[in-house]
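Since every read-out is calculated from the coordinates, none of them should be taken as a lab result. Nothing here was measured: the structure is a model prediction, and the numbers come from that model. Cβ coordinates were reconstructed from backbone atoms using ideal geometry, including for glycine residues, and neighbour counts include every protein chain displayed.
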Amino acid sequence: MILLIDDNDNERAMIRKMLESGGHDVREATGGDEGVAQFAALSPALVLCDLMMPLKDGFATIADIQARNAAAKIIAMSGVWYGPADHGQMARSLGLRAVIEKPFGLTQLLDLVKRTLAPPTQAKPGKKAGARPRKKAKAAARRSAKKTRTKAKAGKKTRRAKRKS
């Protein structure tokens with residue numbers, strides 16, 4: 001079950017329909033205090049929380065939810081950030097799974113929810129988590145070396161042209 005916390009009735013209704021179209025069970029809260037109370041009562045698998053709300057904003061709401069359950073899966077929603085770099089940094093600094101910028105599309109939302117709810121992948125015995133297979137690592141090293149050689153050649157051509165003039 002997903003807990004959706006947003007003060008805007010129209011946006012909340014639209015996001016709820018999007019989530020339900022993806023087969024999710026959704027509960028709604030109209031603000032931060034109500035959202036924290038529902039989180040405590042329902043223990044949802046995921047929380048989608050708007051950041052800009054009156055009375056208790058999303059930042060305080062998220063902090064209260066995390067105080068109750070540090071492992072809570074939370075995605076923050078907002079229309080005031082300026083790019084993916086800001087989203088990643090904000091998510092890390094607030095302990096969120098992600099930040100999604102409004103307005104967002106159905107596919108974008110459902111893909112993010114799916115990734116967030118997916119169980120963490122386990123590394124195979126004897127391998128480090130996130131380790132690349134050897135072939136991929138070697139291919140990446142070759143590409144990097146090729147880029148370096150290409151840049152070096154371009155630098156030599158520029159120096160030759162300067163000498164000639």
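What does the net charge come to around Glu11 if you take all other residues with beta carbon closer than 9 Å to its beta carbon, with K and R at +1 and D and E at -1? Value of the local net charge: -2. Charges were assigned to the Cβ only: +1 to each Lys and Arg, -1 to each Asp and Glu. The resulting dipole of region 2-117 about its Cα centre is roughly 440 debye.
Close amide H contacts of Leu46 (hydrogens built in the peptide plane, cut-off under 5 Å, sequence separation of 5 or more or a different chain): Leu3.
Net length available on complete extension from Asn69 to Thr30 is 12.0 nm, with 0.36 nm assigned per residue and the Cα-Cα distance removed.
Peptides 5-11, 106-112, 42-48 ordered by packing proxy, namely the average of other Cβ atoms within 10 Å per residue, highest first: 42-48, 5-11, 106-112. A simple rule links phi to the HN-Hα coupling: the Karplus curve 6.51 cos²θ - 1.76 cosθ + 1.60 with θ = phi - 60°, which for region 22-29 gives x, x, 8, 8, 10, 10, 10, 9 Hz, with x for Gly and Pro. Remark: the Glu11-Thr121 segment gains 36.3 nm on full extension, using 0.36 nm per residue and subtracting the alpha carbon distance.
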